[in-house]
Amino acid sequence: MSRIALTCTACAAEVTVSSRHLMVRVDVGHSESGELLYTCLFCAATVVQQVDAASVAALVSAGVSYLALSEPIVGHPECPPCGPVFTHDDVLDLHTRLARTGWFDEMLTRLT
Ligand SMILES: [Zn+2]
């Protein structure tokens, strides 16, 4: 377990924090930098410091926990199905088919 000396951005105190009390957070796809998170031992503030890619690599190799976050994938609320768009012509075709007698038997033969 490594101990890392840091300067708190909230109270400016020099703190030494063990690697297991630190966390590095990076965004997937933006690997040029990351954030170092820890709780200051003097002011108890949760401190977030921007760190560059080299610092991220050094911290992770020193045993600091690593958290990679990606942007959330927001799906369409109605989950539209794949395939061609259902058009007005499709509605007219359906109406024509349903107006004929025996449409149900015709549908069954198409499915089997
Ligand atoms: Zn502090």
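The values are calculated or read from the model by the stated rules, or taken from the named source; none is laboratory data. Because the structure is predicted, anything quoted here is derived from the model rather than measured. Because the Cβ atoms are built from the backbone with ideal geometry, glycine has one as well, and the counts that use them run over all protein chains shown.
Structure above, values below:
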| read-out | value |
| --- | --- |
| Residue check, THR46 within 16 Å of the ligand (Cβ to nearest atom) and surrounded by 12 or more Cβ atoms within 10 Å (Cβ to Cβ) | no |
| Filtered residue count, segment 1-15, keeping only those that are in contact with a strand residue (DSSP E or B) (Cβ under 8 Å, 6 or more places away or on another chain) and in contact (Cβ under 8 Å) with a residue 24 or more places away in the chain | 9 |
| Strands (runs of 3 or more DSSP E) lying entirely in segment 1-42 (those with 2 or more residues that are farther than 14 Å from ALA68 by Cβ and within 16 Å of the ligand (Cβ to nearest atom)) | 3-7, 14-18, 30-39 |
| Residue within segment 43-66 that is in a helix (DSSP H, G or I) and over 30 Å from SER18 (Cα atoms) present | no |
| Selection within segment 68-112 - in a loop (DSSP other than H, G, I, E, B) and of a type in the set (Ser, Thr, Tyr) | SER70, THR87, THR101, THR112 |
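Matching residues to (1) modelled with pLDDT of 90 or more; (2) touching a strand residue (DSSP E or B) at 6+ places or on another chain (Cβ under 6 Å); (3) exposed (fewer than 13 other Cβ atoms within 10 Å of the Cβ):
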{"site": "ASP27", "(1), (2), (3)": "no, yes, no"}
{"site": "CYS40", "(1), (2), (3)": "yes, yes, no"}
{"site": "ALA57", "(1), (2), (3)": "no, no, no"}
{"site": "GLY75", "(1), (2), (3)": "no, no, yes"}
